[in-house]
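To start, the structure under review is shown below, and the notes come after it.
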Amino acid sequence: MNLPRSLTDTVTLNNGVEMPWFGLGVWKVKGNAVEESVTAAIRHGYRSIDTAKIYGNEEGVGRGIRDAGVPREELFITTKVWNEDQGYDKTLNAIDESLARLGLDYVDLYLIHWPGKDKYVDTWRALEKIQQDGKARAIGVCNFKIHHLEELLRRSDTVPAVNQVEYHPRLTQPDLLAYCQDKGIQLEAWSPLMQGEILDEPIIKKIAEQHGKSPAQVVLRWDLQNGVVTIPKSVKESRIQSNADIFDFELFPDEMKQINELNQDRRVGPDPDELLF
C-alpha cells in the first residue's frame, strides 16, 4: 500500500471512484457549529465530509459546503440511510430526502447505517438502483460484521465499496479488516479516537512524545498505516487543523505493533449483532 502523503490523497474504491483517506465526521454536531466546522475543514484542505440522516445536520452540512465555495466535484460527501428507512421503497425515498436537505444532486457515497435483522438485502437492492440512477457515485455499508457481508455477497453481485465501522486501538477487528481487504471493500473508521478515551493510553502518549506529535495524531496515523480511511469529528478549528497534521511522519513497525496489541475487543458503540430492528 502506498501511504497517503497529503490531505487530498485518495484511495481507489472497487468501482474506480477516488475517496480521500481522511475526512471530517459530524456526528452530534448541531446548529451553526456543523456549518462552521464543515466550512473550516474545507478551507483547511479537507475534501471528505461524512454525515447521516440520523445526525439531524444534513442541512447544516449543505450550507457549510456552499459557504466554503469549493467546486462540488472536488468534494466527497457521504450520508447514510437510517434504520427506520430500510427496505427497498423507503430507501429510494430516503436518498431523495437526504439530497434535498444537503442541497445536492448526488452524494459520493451512500451507506446502510446498520445491518439490523432482516431488511438490509432489500435496502442494498435500493442502493444499487440509487447508484445506477446517478444519485450516489459509490455505495457501501456501516457496522457490518463478516457474516453480514457474506450474506450480502451471497444475495448480490455488487460488492460494497466501503464498510464503515467502529475502529480504534481498543477495537482493531483484524479478521474483519483482512476480510474486507480480501474482498476489495475499503474499511473506514468511525470513533477513531474512542471518543477521546484512548488518548490517555501511556503507550500512545510515549509514541507521541517520540515523534513530537499529539496522541490523537498518532492514532489517526495508525489508522492510515493500517489501510483504514478515517473521519475524526471536531468542532474546533484548531483541532480540525491539528487532526490533519499527520502526513509528515510515519510510525515504525514496532510502534504499529504496540498499538495493535492494545486491542481489547471493546466497543464504545452498539454491537451490530445486538442492535436489531
*In angstroms, what radius of gyration and Dmax does the stretch 155-277 have, counting Cα atoms only?*
15.0, 49
*With the contact rule set at Cα under 8 Å and sequence spacing of 6 or more, what percent relative contact order holds for the chain?*
20
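Which percent, nearest 5, of DSSP beta bridges in the chain are antiparallel? Mind dumping the intermediate values first?
Numbers: 4 of 29 bridges.
DSSP beta bridges in the chain are roughly 15 percent antiparallel.
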_Centre separation in Å (Cα based) which lies between the stretch 34-84 and the stretch 118-163_ = 22
_Pair Asp273, Lys90: separation of 7 Å Cα→Cβ label points (nm)_ = 2.5
_Among Gln241, Val228, Gly64 - extreme Cα towards positive end, dipole of the chain, charges at beta-carbon_ = Gly64
_Residue (of Val107, Tyr179, His168) at the positive-pole extreme of the chain, dipole from beta-carbon charges_ = Val107
*Net charge near Tyr88, counting Lys/Arg +1 and Asp/Glu -1 over other residues with Cβ under 12 Å of its Cβ?*
0
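A short reminder: the numbers here are calculations on the coordinates, not readings from a lab. Computed from a prediction, not measured in an experiment: that's the story for all the values here. Neighbour counts are summed over all protein chains in view; Cβ atoms, including those assigned to glycine, are modelled from backbone coordinates with ideal geometry.
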